[in-house]
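Single-structure report; data block below.
Derivation of every value follows stated rules applied to the coordinates shown; laboratory data play no part. In this text, all values refer to a predicted model and were calculated from it rather than measured experimentally. Note: ideal-geometry Cβ built from the backbone for every residue, glycine included; neighbour counts use all protein chains shown.
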């Protein structure tokens, strides 16, 4: 009898030891990588995706990283130029002082070309024309320095407290911001019908001296019928990598996408497509209410 009692006791102890593992077995069998809040896997080093209506964060990757923003700068240039309410049909001649020196200075707008302020805004936003942006700043009330002061003042007014501008083109690495700050800039820009129209145009022609010159958009997504883009801007310098910001409509809702520091030439576009597919596959309901981190 004693032997049987010992066997029963041993079996009971063994069962008590194995019970936690037996209960956990179904959980351990599940793939660990499957998680409802897993992000879209963007390759850009910093990113932010928010729903405009309620400022709900849908995805974030280093949203407070301060880094150069390249020609995203031109959204702010356009905001302050339009805010000054100067005549858009005023004709402006590009002067030798409007030349930009250093890497990236090349422009198809030759010194001596005369265009309207509207033309210059169109080219700066659609084709990221650096000499157009510089000329706009030089002809701002009070000149270039006043334009830069206005850009930084506007940034503070929008709550962009991690942002600084040193020029109107973005060719300097001293123009810095964060994904969080740039989302505010995109939303502010989207409220302006001129910025919406010019930034999403596909092509535009102007007379440069004695011939018509056609310019095109720097954002290939603008021509993609799968996208409904409200406002957008691209940017690139070596210090910033390839950048893209936009407000678009996905599943009937306005979404702001900020992508910074993509080193592959096509990565920013691929990242935007990844974000779109990720949101469409999961919907924008309760499952996307948490901050998602890759």
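Some points to look at:
- Length-normalised contact order for the range 102-250 - Cα pairs under 8 Å, 6+ apart - percent: 23 percent
- When 204, 59, 266 are sorted by how many other C-beta atoms sit within 10 angstrom of their C-beta, beginning with the fewest, the order is 266, 204, 59.
- Histogram of C-alpha separations across the range 166-243, 5 Å bin width, %: 3, 12, 17, 21, 22, 15, 7, 2, 0
- Ranked 167, 89, criterion: other C-beta atoms within 10 Å, fewest first: 89, 167
- Using the Cβ-Cβ distance between residue 45 and residue 210 with R0 set to 51 Å, the FRET efficiency works out to roughly 0.70.
- Taking a ≥ b ≥ c as the square roots of the eigenvalues of the Cα gyration tensor, the range 203-265 is oblate, since a/c reaches 1.5 or more and a/b is not larger than b/c.
- The range 96-204 - Kirkwood radius from inverse mean 1/r over Cα pairs (Å): 14.7 Å
- Ranking of 210, 162, 191, 122 by neighbouring Cβ atoms within 10 Å, starting from the fewest: 210, 191, 162, 122.
- P(r), alpha carbons of the range 38-288 - 10 Å bins starting at zero, rounded %: 8, 34, 36, 17, 4, 0
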